[in-house]
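The values are calculated or read from the model by the stated rules, or taken from the named source; none is laboratory data. Predicted model only: the values in this text are computed from it and were never measured. Methodologically, a virtual Cβ is constructed for each residue, glycine included, from the backbone with ideal geometry; neighbour enumeration extends over all protein chains shown. Please note that ligands, DNA and RNA were not included when accessible areas were found on the heavy atoms of the full protein model with its side chains. Shrake-Rupley method; radii C 1.70, N 1.55, O 1.52, S 1.80 Å.
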Amino acid sequence: MTPRTAVRDPKQPKQDRSRATRRRLLEAAVACLAERGWAGSTVAVVAERAGVSRGAAQHHFPTREDLFTAAVEHVAEERSAELRALPAPHGEGRVPAVVEALVTLYTGPLFRAALQLWVAASYEEQLGARVAALEAKIGRETHRMAVELLGADESVPGVREAVQGLLDMGRGLGLANLLTDDGHRRKRVVAQWSRILEGILAPEDPDDHPANNHSAHNHSADDHPADDHSAPAAS
């Protein structure tokens, strides 16, 4: 098949044409992987979808493994960039907004493509090492973004585990969404998890607890005797 890039814009610099071809190949690879799975996503199929020759595809990506690992990394980085570009919400509604954004990350075509790649990597030795390293990198980046967007303090016991639990939940919801449209149940789960996470990230201020207020009044009884009716008499 004659590459469309050959007739698009003869004045376009060669380097720009090369970048555009590479991008189309990456996007076509992810779309094919999500729709056809690993077995149905050959270099020839991807090249045809991208509108380039097979030779041009192999010029950019010598092997099938090169093509698909680069494709998933490409889209993952784009989605991460979109998430980083989101204005960090503040005040009421911050946690639900972030939870929804993170869960959405796992219910789109990227997750479908990545899942197909994971399955292939489980029995393709050459692909396995690449995908494992890629997923570790993406996992660290996603966790870091989640912490920043939530304004979470991971030095507080339990907070790191709660953030990781959110990401694990997102993956699980993404899996549930593969076979059926699970949007209605997902909405309820996201709302409930948001409430739980809000309680972990912003626990009740001890100074606001009635028992602690009672104790504080006991310490200031000498200064404010009229305000502290429940203070025991000094022995």
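Does the stretch 149-162 contain at least one residue that is out of contact with any strand residue (DSSP E or B) (no Cβ under 7 Å at 6 or more places or on another chain), of a type outside the set (Phe, Trp, Tyr), without any contact (Cβ under 8 Å) to a residue 12 or more places away in the chain and under 29 Å from Glu65 (Cβ atoms)?
no
Just to be sure, is Ser155 more than 26 Å from Glu27 (Cβ to Cβ), of a type in the set (Gly, Ala, Ser), at pLDDT 80 or above and more than 10 Å from the chain's Cα centre (by Cα)? Talk me through it step by step, then tell me what you get.
Details: more than 26 Å from Glu27 (Cβ to Cβ): yes; of a type in the set (Gly, Ala, Ser): yes; at pLDDT 80 or above: yes; more than 10 Å from the chain's Cα centre (by Cα): yes.
So Ser155 passes the test.
Conditions (1) open to solvent by 50 Å² or more (accessible area, probe 1.4 Å); (2) modelled with pLDDT of 70 or more; (3) of a type outside the set (S, T, N, Q); (4) not in a helix (DSSP H, G or I), marked per residue:
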site: Asp181; (1), (2), (3), (4): yes, yes, yes, yes
site: Arg185; (1), (2), (3), (4): yes, yes, yes, no
site: Arg188; (1), (2), (3), (4): yes, yes, yes, no
site: Gln192; (1), (2), (3), (4): yes, yes, no, no
site: Asp207; (1), (2), (3), (4): yes, no, yes, no
site: Ala221; (1), (2), (3), (4): no, no, yes, yes
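Among the residues of the stretch 105-154, which ones are buried (at least 16 other Cβ atoms within 10 Å of the Cβ) and among the polar types (S, T, N, Q)?
Thr107, Gln116, Thr142
Quick check: is even one residue across the stretch 162-170 open to solvent by 90 Å² or more (accessible area, probe 1.4 Å) and modelled with pLDDT under 95?
If we filter the stretch 162-170 for residues that are open to solvent by 90 Å² or more (accessible area, probe 1.4 Å), which is where we start, we get none.
Checked the stretch 162-170: no residue is open to solvent by 90 Å² or more (accessible area, probe 1.4 Å) and modelled with pLDDT under 95.
Hey, can you tell me all the residues within the stretch 44-63 that are closer than 23 Å to Gln15 by Cβ and either open to solvent by 10 Å² or more (accessible area, probe 1.4 Å) or not small (Gly, Ala, Ser) (or both)? Let's see the steps before the verdict.
Taking the stretch 44-63 first, the residues closer than 23 Å to Gln15 by Cβ are 46-47, 50-62.
Those that are closer than 23 Å to Gln15 by Cβ and either open to solvent by 10 Å² or more (accessible area, probe 1.4 Å) or not small (Gly, Ala, Ser) (or both): Val46, Val52, Ser53, Arg54, Gly55, Ala56, Gln58, His59, His60, Phe61, Pro62.
Would you check which residues across the stretch 79-103 are open to solvent by less than 60 Å² (accessible area, probe 1.4 Å) and within 22 Å of Val30 (Cα to Cα) and list them?
Arg79, Ser80, Ala81, Leu83, Ala101, Leu102, Val103
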